[in-house]
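A short worksheet on the structure shown next.
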Amino acid sequence: MSNRRMVASGAPKPINQGVTLKRLLSYLGRNKSLLFVVICLSALSTLGGLYTAYAISPVITIIEQGLKGIISRSEVTVLLARQLSFLAIIYALEILMSYLAARLMTKLSQRTVYSIRQEMFEHTSRIYVKYHDQTSHGDLMSRFTNDVDLIQEGLSTAAASMVVNAMTLVGTLGYMIYLSGTLSVVTLIVVPILSLISRTIVRYSRRYARQQQIALGALNGYIEESVEGQSVMQLFNHEVDSFEEMKRLSGDYRNKMKLAQITSSMMFPLMQNINNINYALVGIVGGYLSIFKGLGIGPLGAYVNMTRQLGRPINMLANHYTILQSSLAASERVFELLDWAKESVSEEDIEATDVVGDVIFKNVVFGYDSEHIVLNDVSFWAKSGQKIAFVGSTGAGKTTITNLISRFYDIQKGEITLDGMSIYDIDRYSLRKNISM
């Protein structure tokens, strides 16, 4: 028998969150120019937002100097008009940059999802038959529809927002350290607390999000099979059992979804309340520094505004975290499909031409897995023109034999020949063209 025969189950390896995220981002990288433009626009929008938060400092300083008589009222009017006009321009540019970044990110996410869906369809048509035997049609359809839609939502909404808010968070912290190192220490005390909470919630939320998607796939699969087999179900009076199974699957999905939603929704209120505590602490310490340590009203006002600005990206990151976790869970299911092995193709395979039809099984051993052997040392010769019937109970291996002849599965031991030539030396698609089923 040809030594190029390979037994391949096609089973995928487990995927972790880091690998999943990196792989998902690689699809975005296929449109590098568009991705670069989106990042640049997001960075410009972030800088504009940071400046508008800081701009309150010179405005307060101008008003303070006017009240103290350091500058005249006319000078106050001119300086304020100049500052506010410049601020209005920055606001307008920030809005424009944000709009363009969001629009282009939507376009980028649509291109990415299109590539993923096309790759899934092409891969499914070449995948080992074992996958289709183990996976219901409804579950497969759920991966093409529900899971891909969640990926699209995660890329266009959560991913773009999280990039912008991460930039805003880093920039805001930098500005705050520049304005007051002492107040920055108060603010940074909160960061480890936020990190600990987020890491804990991440661990549980991701697990429940994946369980939710698996339960949804099982539910869709059962619904699809029940609808297709409705007449058979009624013929055998299986309505009650079918209803109970549907009730069980629906209840399982409800419970998994409830756990996923409760866990992920905890992030936003916890982050917001911790940020409010931080805001109050900054106000107390900042007031003390302003009264006794000479911290200016302008820098203090800007810092307090920055503290509120710091809370916004943290809250937005927490708010979009749920979508991102669902998207990563959906991505794992999609990549699980894409990681199943395709049917092997070799340039050394030959075309099956002028087929006579002599099929020989020689000491064939086959099992769908190593622990459950279906055919054990089976040998026979089916001559061209003969009519042969395989008779046996369910599970005896009748359909298995026809599947092996068509190379839907590879045997563990033995040899199968067609007209004296090993079927593993024949191009599998050429082989199947000569078989009628």
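Across the alpha-carbon atoms of the chain, the computed radius of gyration and Dmax are 32.3, 113 angstrom.
Near the amide H of HIS238, within less than 5 Å, lie no amide hydrogens of residues on another chain or at least 5 residues away, with H placed in the peptide plane. Counted residue by residue at 0.36 nm each, then reduced by the alpha carbon distance between them, the extension gain from TYR99 to ILE350 reaches 84.7 nm.
Note on the stretch 46-150: Rg/Rh from C-alpha atoms, Kirkwood Rh, equals 1.48.
Here the gap between ILE90 and THR52, fully extended at 0.36 nm per residue and compared with their Cα-Cα distance, gives a gain of 12.9 nm. With the cut-off at 1.5 for a/c, could you classify the stretch 359-433 from its C-alpha gyration tensor as rounded, prolate or oblate? Here the stretch 359-433 falls in the oblate category. The label point for ASP149 and the one for SER226, both projected 7 Å from the Cα toward the Cβ, are 1.9 nm apart. Gain on full extension, evaluated as 0.36 nm per residue between GLU122 and SER26 minus their Cα-Cα distance, stands at 32.7 nm. Restricting the chymotrypsin sites (Phe, Trp or Tyr not before Pro) of the stretch 219-322 to loop positions (DSSP other than H, G, I, E, B) with no more than 12 neighbouring Cβ atoms within 10 Å leaves PHE236.
The trypsin sites (Lys or Arg not before Pro) found in the stretch 211-297 that occupy coil by DSSP, while having at most 14 further C-beta atoms within 10 Å, are LYS293. For GLY414, the amide hydrogen comes within under 5 Å of the amide hydrogens of VAL365, counting only partners 5 or more places away or on other chains and with H modelled in the peptide plane.
Report the residues of the stretch 384-403 in range of a label on ILE435: point 7 Å along Cα→C-beta, backbone N strictly under 13 Å from it. Correct set: 399-403.
From helices alone, the chain scores -24000 deg cm²/dmol at 222 nm; the rule is -39500 (n - 2.57) for each run of n ≥ 4 DSSP H residues, then divide by the residue total.
Rule-based calculations on the coordinates, nothing more; no lab input. On a predicted model such as this, the values are computed, not experimentally measured, just so you know. When we count neighbours, we look across all protein chains shown, and the Cβ atoms used for this are built from the backbone with ideal geometry, even at glycine.
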